[in-house]
Amino acid sequence: MNHVALYRKYRPKTFDEVIGQEHITKTLENQIEQNQVGHAYLFTGTRGTGKTSVAKIFAKAVNCLSPIHGSPCGKCENCLRLEQENDINIIEIDAASNNKVDDIRQIRDKVKFLPVGAKYKVYIVDEVHMLSDSAFNALLKTLEEPPAHIIFILATTEVHKLPQTILSRCVRFDFRLVSVDELSKHLAKVFTQEKITFDEDSLKIIASAGEGSVRDTLSIADSIASYCQGNITKEKTLSVLGTTAHDMLLEFFDKMAEKDVGGVLTLIDTLEKDGKNLAVLAKDLSKHARNLLVCKSCKNPGEILNFTDDILEKYKAQAEKFAEKDLIRYMQVFSGAESELRYTLSVRLLLETTCLNAMLGYDVKKN
């Protein structure tokens, strides 16, 4: 039996199954229940947050013969037919490879034809910001006078590249990054259904690595599940991701607070011998500085940082050792070195230089 990637296997089929976008799904459900469906929608947000999934659910829901609270029933004739990828009533277009004016003109010529066995024909245009200027002008003409049976759903990760004339004709929905807590709960459900054992720490580590993207989180979980062979632990997860555990980061910053050059160099040596990715370490150090800044400057850091109580207390204690301006400098220095570390021939040397720069407060490369 062929393996199906987790992000495909657990793609939501109803609005209730969509993770972390209730502000959007509830609005769309209400529109369908009240028969107030628009003719053009704009879905914007970072990758993997559910734009295409929600577009497909919406396309089925508006054509469903017996929608359940605004979601497709999944059982009627229309729902079953629309499940087929080649159904002529749901047309998916990748604007990255179909971005010329002739491609949009073909759409404009075809929208006049009625849907077959359905109420609406739905066009889902992904990465719409990739269209050329002339293609946008051709699309605008269609959006201005759309046939009653046509719905356009435009999806993009770079909404700032869209002309104002297009934006003004669409109902806009902004997809949010999904919280670590929501991703962790979703992972727990997925692993339970897949009969994979796990611990709570590993869930949070995987969810954090997903950086708010459901798809990225499930893709990471897929590779870790394969490595761990059904038993996911914190140690194995860290081994696969190459990320650095809280205790090591706390120790690292203790050395920096003490201006302990030798201690920092020794820790870098230890991490490299343990097989840690030093570019990932720079990213972790930047995040750690940010987390300390949250503890230092926010009244309720626990509402922002999804840490256990004991870890949060350790962060609060360490944050007192640093001034806010130093933590901001650490964030700048480490995030700035992140991209350089991917391409340099001397990764360790650059990371050591970066750490000394952050710790001592001057650029050792210029002194």
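The values are calculated or read from the model by the stated rules, or taken from the named source; none is laboratory data. Computed from a predicted model, the values in this text were never measured in an experiment. FYI the Cβ positions are ideal-geometry reconstructions off the backbone, even for glycines, and counts take in every protein chain you see.
So which residues in the stretch 338-356 are surrounded by 13 or more Cβ atoms within 10 Å (Cβ to Cβ) and at pLDDT 85 or above? Val347, Arg348, Leu350, Leu351, Glu352, Thr353, Thr354, Cys355, Leu356 - these are the residues of the stretch 338-356 that are surrounded by 13 or more Cβ atoms within 10 Å (Cβ to Cβ) and at pLDDT 85 or above. Of everything listed in (1) closer than 17 Å to Ala55 by Cβ; (2) modelled with pLDDT of 90 or more; (3) hydrophobic (A, V, I, L, M, F, W, C); (4) assigned to a loop (DSSP other than H, G, I, E, B), the single unmet condition for Cys73 is (1). The criterion of at least 2 residues that are closer than 24 Å to Thr270 by Cα, touching a residue at least 12 places away in the same chain (Cβ under 8 Å) and small (Gly, Ala, Ser) is met by the following helices (runs of 4 or more DSSP H) wholly inside the stretch 291-367: 324-343. Hey, does the stretch 27-46 have a residue that's in contact with a strand residue (DSSP E or B) (Cβ under 7 Å, 6 or more places away or on another chain), of a type in the set (Ser, Thr, Tyr) and under 21 Å from Asp94 (Cα atoms)? Looking through the stretch 27-46, at least one residue is in contact with a strand residue (DSSP E or B) (Cβ under 7 Å, 6 or more places away or on another chain), of a type in the set (Ser, Thr, Tyr) and under 21 Å from Asp94 (Cα atoms).
The set of residues in the stretch 1-31 that are of a type in the set (Val, Ile, Thr), part of a helix (DSSP H, G or I) and crowded, with 20+ Cβ neighbours inside 10 Å comprises Ile24, Thr25. Within the stretch 73-83, one or more residues are free of Cβ contacts under 8 Å to residues at least 12 places away in the same chain and surrounded by 15 or more Cβ atoms within 10 Å (Cβ to Cβ).
The rows are residues; the columns are (1) in contact with a Ser or Thr (Cβ under 7 Å, 6 or more places away or on another chain); (2) of a type in the set (Val, Ile, Thr); (3) closer than 21 Å to Ile90 by Cβ.
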| position | (1), (2), (3) |
| --- | --- |
| Tyr120 | no, no, yes |
| Phe136 | no, no, no |
| Lys141 | no, no, no |
| Lys161 | no, no, no |
| Phe173 | no, no, yes |
| Ala207 | yes, no, no |
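What number of residues within the stretch 117-129 are within 15 Å of Pro147 (Cα to Cα) and part of a loop (DSSP other than H, G, I, E, B)? Residues flagged as within 15 Å of Pro147 (Cα to Cα) and part of a loop (DSSP other than H, G, I, E, B) within the stretch 117-129 amount to 3. For the stretch 217-238, filtered to residues that are over 10 Å from Ser202 (Cβ atoms) and touching a helix residue (DSSP H, G or I) at 6+ places or on another chain (Cβ under 6 Å), the residue that is surrounded by the most Cβ atoms within 10 Å (Cβ to Cβ) is Thr217. In this structure, is Lys60 within 18 Å of Phe15 (Cα to Cα) and among the basic types (Lys, Arg)? Spelling it out, Lys60 is indeed within 18 Å of Phe15 (Cα to Cα) and among the basic types (Lys, Arg). The set of residues in the stretch 205-263 being of a type in the set (Val, Ile, Thr), modelled with pLDDT under 90 and in a helix (DSSP H, G or I) consists of Ile205, Thr237, Val240. Just one residue in the set Leu241, Leu293, Leu305, Leu278 is more than 19 Å from Ala209 (Cα to Cα) and in contact with a helix residue (DSSP H, G or I) (Cβ under 7 Å, 6 or more places away or on another chain); that residue is Leu293. Looking only at residues in the stretch 76-102 that are part of a strand (DSSP E or B) and not hydrophobic (A, V, I, L, M, F, W, C), the one that is nearest to the chain's Cα centre (by Cα) is Asp94.
Results for (1) over 28 Å from the mean Cα position of the chain (by Cα); (2) exposed (fewer than 14 other Cβ atoms within 10 Å of the Cβ); (3) assigned by TED's automatic domain parsing to the domain that holds Cys64, shown as yes or no for each residue.
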residue	(1), (2), (3)
Ile104	yes, no, yes
Asp109	yes, yes, yes
Pro115	yes, no, yes
Ala118	yes, no, yes
Ser132	no, no, yes
Lys141	yes, yes, yes
Glu145	yes, yes, yes
Thr157	no, no, yes
Lys161	no, yes, yes
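Residues in the stretch 41-78 that are touching a helix residue (DSSP H, G or I) at 6+ places or on another chain (Cβ under 8 Å) and of a type in the set (Lys, Arg): Arg47, Lys60. Among the residues making up the stretch 32-53, a single one is free of Cβ contacts under 8 Å to residues at least 60 places away in the same chain, surrounded by 18 or more Cβ atoms within 10 Å (Cβ to Cβ) and not small (Gly, Ala, Ser): Ile32.
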